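These notes concern the structure reproduced below.
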Amino acid sequence: MRNLFLTDSCKETQLHAINPQSWLQVERGKLSKSSAHSTSSIESLIKVAEPPIVPLFKPVDYVEVLAQIHEELESCWPHERSNLYLLQFQVFRGLGEVKLLQRSLHSAWQNASSVYEKLIYGAWLRYEKQGEELISDLLASCGKCSQELGFVDVASQIPFENSSVKLTGECIFGMPQVSTTVFFQIREEKIACERQKIAALSTPFHTMLNGCFTESHLEVIDLSENGISPTGMRAVSDFSLTGSLSDLSVEILLEILVFANKFCCERLRDACDRKLASLVSSRHDAIDLMECALEENAPVLAASCLQVFLHELPGCLKDEQVVKIFSNANKQRRSIMVGLASFSLYCLLGEVAMDIDPRSDITACFLEKLVESAMDIRQKQVAYHQLGCVRLLRKEYSEAEHNFDAAFAAGHVYSVAGLARLACIKGDKLSSCEKLSSVISAYPPLGWMYQERSLYSEGDRKLEDLDKATELDPTLIYPYMYRAASLMRKQDAKLALTEINRVLGFKLALECLELRFCFYLALEDYRAALCDIQAILTLSPEYRMFEGRVAASQLHMLVREHVEQWTTADCWLQLYDRWSSVDDIGSLSVIYQMLESDAAKGVLYFRQSLLLLRLNCPEAAMRSLQLARQHAATEHERLVYEGWILYDTGHCEEGLRKAEESISIQRSFEAFFLKAYALADSSLDPSCSATVVSLLEDALKCPSDRLRKGQALNNLGSVYVDCGKLDLAADCYISALKIRHTRAHQGLARVHFIKNERNAAYEEMTKLIEKARNNASAYEKRSEYCDRDRTKEDLHMVTQLDPLRVYPYRYRAAVLMDNHKEKEAIAELTRAIAFKADLHLLHLRAAFHEHIGNGSSALRDCRAALSLDPNHQEMLELHRRVNSQEP
């Protein structure tokens, strides 16, 4: 939903409408150098949109909320567990933790206490895993069935609840004896029924046939005005005798359902409900029958129809009739359709609708239903805030203010950002600023608070707030972008690029690449601009720039006209240079250009996937791997890519099998490399090292380019180190360095260190730092090979280059703890935990709290950490220890 939740407030930061042709001539050299840095041309390119107010649950202290959820899960009733996991999912979504949120959804599905929850969470998991159908097919080809979230047997999971009293066939005293057979006349036809069997269907029939009514002594009773056909009545008679319904048309079953409700025949109604449910096989069936299910209180039929709708998400939300069913459901109808799981249902529907179009009436309607369904205070925080975001986007300002107010009153502090934007829209920036200042003084300050307040400030005050936002949360990209744009407007291009490169060094954000692309355009550095636009298109082929006004592909074509094209040989040389200098974005750009030619695309898409994994873009990497498989030139090559797809999705054994299958067809570098990699990862047996060595040696005997052979030599060196064969390891690393596999410096440094050659290890890592463009990890590794002062310097540099790396915080905290500065040590960890949900940080802080006797804080951190990894043994032990000490 990038850029979908941008608001209209404070428009001085919005991008102007642009015409690409006005600043990018088709013929190279036509742009005037004298105007390259003019203020007007720069202004038209580098305005930065204000950060969106995201429709996510963002508690001030997510650690406390996770701990509360974990504590409640330990003691709650079974039927409450799924809702708690849903809340945990909302927390992880707000933190951007994709793997953790999927695990929470899976836990909600596993702990579903009703068939309705099973259907909803199953559909949600399918929605979150869209595009993974290939993985199921590949697993099937290995003889393994993946866990299917397919159709559920709804009828078997909704028990029949008969609330009627037991009926007897005794006649009322004093009434004359009547025939045991009764005829029900329906128009011209008479249907013979066994009187007491019909009487046993319900209290009304029992009273009619055995009570003080005229019908009790009649042999023929007229039911022509009760909406049942002769065929339907014969089916009712058969049911009274056999207890089951034969194969009947939908129309007759609907007749019987209405009839059963009219005469309170619960067993008949239930049988009819289940029979109709078994006939729902398509969306058309479900649409036709859902209205009847809701009107006639047929929960099995309603759940079966719901299952069909949910199974077809998101496509079914394009069907107006389906949307109408969900939109018009009042509280009573929701109870029939989804039991007590109304909040879960509209959480899912609201999310899908927002992904399709957050401005739509459908989205607003679903979120209104979510608000109606919210039961506890935390659910209300989620529902009101999401609806407020959508109302703001739809420019329904009064309603948005009401929703944000309700969310804030319920305890969702982040909703104050919405209230501040609305005050700004009304022209009251001072009020906006005051709202944020009040929150900053009342709660532990967070980066987003200062970022939001900066929107309503000017000059030095604005920059101070942005600097504070970065200090508290260096992952927020708006402060970097604003500072960089400001520097560029001052025509300080070098500092502007330095500033935007700070964030791109650890977070490959499309918005930041777009801004840097604009900088390069303003500087007429078209080669660099082309590099960034090609990286953007690699990450998101359909990306649109300048707030969606221009397709990135269009800009790519225009910029490319200004850059001399490389030959295939040039491209390989450029790729080799960039790969060797650990310039991952540059490497992506070269591969993009090569893919536009007639080169072997399978190999190139595979290289692309490796780079994207290094850049922490797993979704884009998987897309590239699937494209590699699609463009594989041979069967053995395709099997290798299938093996990597399986390996990267956690199916190591199946990936290993694909590698073996590929080798059986043809011995190749990539097949041996995959087999060695998968075997080393999957086997705990130390003896398998010899097999891995043999496989890597086989790989090196096969044809390949120096980029991949360098990786194989590096991996082989690592195996030799683990086996204690240091000289062989050093030989491998030196051989890798000879073909410019730069990362081998790190392995060689490790060999020096094990040999107690600390200075040589330090120097080796220094060489890597000098060569590598992305070198935060190199500084971190070098810190292990020097004295404490230089270690502090290196780790400070790591935090500057990549604030998401947690080791520096842990090291600094441990040093402070050793120096008996407990308060400062805990503060160092707290600073990082505020923006990085990390098990190791929480574990260490819990241990520190335990050490100083703060049991409640230690227990809180233990619970939060176990929310991240419920099976972490050291964490479980610490939790048991701390919990036993608590009163």
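Comparing S335, F408, I362 along the charge dipole axis of the chain, the residue lying farthest to the positive side is F408, per the Cβ-charge model. Bridge orientation summary for segment 181-263: considering DSSP beta bridges with both residues in this region, about 65 percent are antiparallel.
The S249 and Y127 beta-carbon pair, evaluated with R₀ = 35 Å, returns a calculated FRET efficiency of approximately 0.50. In terms of the Cα gyration tensor, with a ≥ b ≥ c the square roots of its eigenvalues, is segment 63-140 rounded because a/c is under 1.5, prolate because a/b exceeds b/c, or oblate? Oblate. Placing +1 on the Cβ of every Lys and Arg and -1 on the Cβ of every Asp and Glu, with nothing else charged, gives segment 63-140 a dipole about its Cα centre of roughly 180 debye.
With neighbours defined as other Cβ atoms within 10 Å of a residue's Cβ, the residues S229, S240, S609 order from fewest to most as S229, S240, S609.
Can you give the net charge of the other residues whose Cβ lies under 13 Å from the Cβ of I500, counting K and R as +1 and D and E as -1? It works out to a net charge of 0. Report note on the peptides 651-661, 814-824, 859-869: ranked by the mean count of other C-beta atoms within 10 Å, highest first, their order is 859-869, 651-661, 814-824. The trypsin sites (Lys or Arg not before Pro) of segment 558-603 include none that DSSP puts in a loop with a beta carbon having at most 12 other beta carbons within 10 Å. Highest-first packing order for the peptide set 528-538, 194-204 is 528-538, 194-204, based on the mean count of other beta carbon atoms within 10 Å.
Quick one: net charge around L387, please, counting Lys, Arg +1 and Asp, Glu -1 for every other residue with C-beta under 12 Å from its C-beta. Taking every other residue near L387 into account, the sum is -2. Tally Lys/Arg at +1 and Asp/Glu at -1 over every other residue whose Cβ is under 11 Å from the Cβ of L713; what's the total? Once positives and negatives cancel, what remains is +3.
Highest mean packing comes first when the peptides 312-319, 339-346, 622-629 are listed by Cβ atoms within 10 Å, giving 339-346, 622-629, 312-319. Classified by the C-alpha gyration tensor, segment 806-885 has an oblate form. Its axis ratio a/c, with a ≥ b ≥ c, is 1.5 or above, and a/b does not exceed b/c.
Rounded to the nearest 500, what is the 222 nm mean residue ellipticity of the chain from helices alone, with -39500 (n - 2.57) per DSSP H run of 4+ residues and division by all residues? Could you put the intermediate results ahead of the total?
Working: 49 runs with 584 residues, N = 887.
Value at 222 nm, helices only: -20500 deg cm²/dmol.
Subtracting the Cα-Cα distance of H284 and E71 from 0.36 nm times their residue separation leaves 72.2 nm of extension gain.
Only counting other Cβ atoms within 10 Å, I'd like T567, T830 sorted with the fewest neighbours first. Before the final figure, lay out each step's value.
Details: T567 9, T830 15.
Ascending number of Cβ neighbours within 10 Å: T567, T830.
I need C347, C365 ordered by Cβ neighbour count within 10 Å, fewest first.
On the way: C347 25, C365 19.
The order, fewest Cβ neighbours first, is C365, C347.
Quick one: in the chain, what % of C-alpha pairs are over 47 Å apart? Summing the P(r) of the chain above 47 Å gives 38 percent of all pairs. Rounded to the nearest 20 debye, the dipole magnitude of the chain is 2120 debye, with +1 charges on Lys and Arg beta carbons, -1 on Asp and Glu beta carbons, and the Cα centre as origin.
Ranking N715, A847, A620 by Cα position along the charge dipole of the chain, where only Lys, Arg, Asp and Glu carry charges on their C-beta atoms, puts N715 farthest toward the positive end.
The distance linking segment 509-564 with segment 218-266 is 69 Å (Cα centroid to Cα centroid, whole angstrom).
Taking square-rooted eigenvalues a ≥ b ≥ c of the alpha carbon gyration tensor, is segment 451-546 rounded, prolate or oblate, where a/c under 1.5 means rounded and, failing that, a/b exceeding b/c means prolate? Intermediate results must be reported in sequence, preceding the final value.
Details: a/c = 2.22, a/b = 1.54, b/c = 1.44.
Cα axes put segment 451-546 in the prolate bin.
For segment 466-510, averaging the sequence separation of C-alpha pairs within contact (under 8 Å, six or more residues apart) and dividing by the residue count gives a relative contact order of 33 percent.
Since every read-out is calculated from the coordinates, none of them should be taken as a lab result. Just so you know, these numbers come straight off a predicted model, no measurement behind them. FYI the Cβ positions are ideal-geometry reconstructions off the backbone, even for glycines, and counts take in every protein chain you see.
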